[in-house]
Amino acid sequence: MDNFTFLNATKIIFGKSTEESVGREIKPFSSRVLLHYGKGSVKKSGLFDRICRALDKEGIQHVELGGVLPNPRLSLVREGIRICREKKLDFILAVGGGSVIDSAKAIAAGVPYSGDVWDFYMRKATIAAMLPVGVVLTIPAAGSESSNGSVITNEEGSLKRDAGSELMRPRFAIMNPELTFALPPYQTACGAADIMAHVMERYFTNARAVEFTDRLCEATLKTIISNVPRVLAEPRNYDARAEIMWAGTVAHNDLLSTGRVGDWGSHMIEHELSGIYDVAHGAGLAVVFPAWMKKVYAHDVARFAQFAQRVFNVEMTFEDPARTALEGIRRLEVFFHEIGLPVTLKELGVKDDRLSEMARKCTERGPVGNFVKLGREEVFEVYTLAM
Ligand code: NZQ
Ligand code: ZN
């Protein structure tokens with residue numbers, strides 16, 4: 001097990017009706033808030049009005065900025081920064097999913113910075129100060145509610161890039177599983193694929209003697225695998241929604257990466273897809289992850305066979321562990337298909353004419369991944385395997 005320091009300071013407020021406490025949670029930080037949300041699901045569900053009432057009750061003034069798109073855009077981030085400066089707002093409340101939260105984090109980082117916020121995403125500057133961010137989560141998926149990252153798409157050049165800082169972790173995340181009852185099946189499934197990918201990125205590591213975190217990863221994956229079919233059949237099943245929601249946070253709050261280094265190549269490879277084709281991140285991962293696995297499993301057949309056996313109950317063939325490993329990858333694809341996700345680029349609606357451009361952009365800062373480092377040619381092969 002590698003040495004590690006673990007601190008995740010995001011306060012989690014979990015359960016029924018917890019969004020009613022949002023005003024009280026913000027009060028110690030601010031009385032002037034930017035209320036940030038997406039394309040309208042929060043208005044349709046009535047959540048937006050409930051949040052406004054909770055803020056009013058505590059005397060917290062709020063200015064709204066909606067319109068965050070999935071794969072959140074830099075232009076709206078810039079508008080948010082301008083509004084916060086002009087109206088002297090000093091807290092960002094994100095009501096939505098990963099896209100809204102990431103946009104909120106970008107605004108929060110941009111307000112106190114004298115340069116262009118995109119500098120953080122191009123690694124031209126590091127974040128030295130940020131406004132505090134709070135979250136009311138409406139979809140379990142990205143894990144951004146307690147993560148230290150934000151992913152933004154710059155419309156110029158269709159570049160989707162991430163920035164990270166410990167300062168980015170939200171001060172609190174309010175998580176009421178009831179708020180996810182209205183999620184369309186496809187969004188539920190995309191969220192599940194992203195959660196699983198966050199665990200699998202950590203699972204495939206070169207660190208040795210990490211049994212405890214291996215087992216935590218396996219438990220998290222098995223929880224998603226058993227509960228997603230339940231919520232697809234019964235969208236208002238509170239218990240199953242709650243399991244997925246909490247698993248989604250733990251998948252990406254860094255507990256599962258303690259003592260080990262994860263891979264993260266598949267995420268980089270996927271970001272080129274959602275950057276150019278604007279596909280849902282989770283759907284992109286359902287396509288990329290199995291292809292990445294086929295490309296790299298020979299690097300550590302035993303680990304892939306362990307994954308197959310413990311997560312998908314594949315019977316271990318000791319004389320041919322590669323067969324066990326490949327069966328695990330096949331069952332992952334079957335699971336993604338069963339919950340309504342694509343597993344090939346073709347099914348995702350992506351043609352093969354820009355694979356080499358994506359491979360170039362993906363590796364322009366150098367090879368991607370840690371478990372196995374993939375250069376431009378190898379990333380191209382992953383895209384080809386995904387076709
Ligand atoms: O915009 P609205 O109308 O709210 O609709 C959203 C959106 O269309 C809808 N939705 C959300 N909650 C709903 C709902 N519809 C009905 N009922 C609800 N309760 O779902 C759609 C997708 O929302 P989005 O926020 O894009 O989803 P997700 O949470 O999957 O976030 C994806 C983004 O997060 C980034 C991804 O790259 C992508 O841009 N990620 C962020 C990470 C981080 N910051 O740590 C890590 C991840 O790996 C990921 O890269
Ligand atoms: Zn992800």
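Within straight cross-link reach of Lys160, meaning Cα distance under 22 Å, which lysines are found once same-chain residues fewer than 8 apart are removed?
Partners within reach: Lys39, Lys105, Lys124, Lys346, Lys351, Lys361, Lys373.
Taking all protein chains in place and a 1.4 Å probe, what share, in percent, of the accessible surface of the chain do carbon and sulfur account for?
Of the solvent-accessible surface of the chain, carbon and sulfur hold 52 percent.
Using only Cα atoms, find the angle between the long axis of helix 185-203 and the longest principal axis of the chain, and express it within 0 to 90 degrees, rounded to the nearest 10.
That works out to roughly 70 degrees.
Given a 1.4 Å probe, how much area per residue of the range 1-102 is accessible, in Å²?
Numbers: 5220 Å² over 102 residues.
On a per-residue basis, 51 Å².
In straight Cα distance, which aspartates and glutamates are under 14 Å from Lys87, not counting same-chain residues fewer than 8 positions off?
Filter leaves Glu64, Glu79.
Just how much of Thr126 is accessible, in Å², when a 1.4 Å probe is used and the result is rounded to the nearest 10?
120
From largest to smallest, what semi-axes in whole angstrom does the range 132-207 give when each is the square root of 5 times an eigenvalue of its alpha carbon gyration tensor?
Semi-axes, largest first: 21, 18, 16 Å.
Using bins 5 angstrom wide from zero, how does P(r) for the range 292-344 break down, in % of all Cα pairs?
In order of increasing distance, the bins hold 5, 24, 30, 21, 14, 6, 1 percent.
Mind running the shape call on the range 1-109? Use the C-alpha gyration tensor, a ≥ b ≥ c as the square roots of the eigenvalues: rounded below 1.5 for a/c, prolate if a/b tops b/c, oblate otherwise. Don't jump to the answer; show the numbers that get you there.
Values: a/c = 1.40, a/b = 1.15, b/c = 1.22.
Note, shape of the range 1-109 comes out rounded.
How large is the accessible surface per residue of the range 247-387, computed with a 1.4 Å probe and reported in Å² as a whole number? Kindly include the intermediate steps, with their values, before the conclusion.
Numbers: 5650 Å² over 141 residues.
On a per-residue basis, 40 Å².
Given just the C-alpha atoms of the chain, how large is their convex hull per residue in cubic angstrom? Before the final figure, lay out each step's value.
On the way: hull volume 48.3 nm³, N = 387.
Here the figure is 125 Å³ per residue.
Can you compute 3J(HN,Hα) from phi for each residue in the range 308-323, using the Karplus curve 6.51 cos²θ - 1.76 cosθ + 1.60 with θ = phi - 60°, rounded to whole Hz and x for Gly and Pro?
Residue by residue, the range 308-323 yields 4, 6, 7, 8, 10, 6, 6, 5, 6, 9, 5, 6, 8, x, 4, 5 Hz.
The values are calculated or read from the model by the stated rules, or taken from the named source; none is laboratory data. As the structure is a prediction and not an experimental result, all values here were calculated from the model. Please note that ligands, DNA and RNA were not included when accessible areas were found on the heavy atoms of the full protein model with its side chains. Shrake-Rupley method; radii C 1.70, N 1.55, O 1.52, S 1.80 Å.
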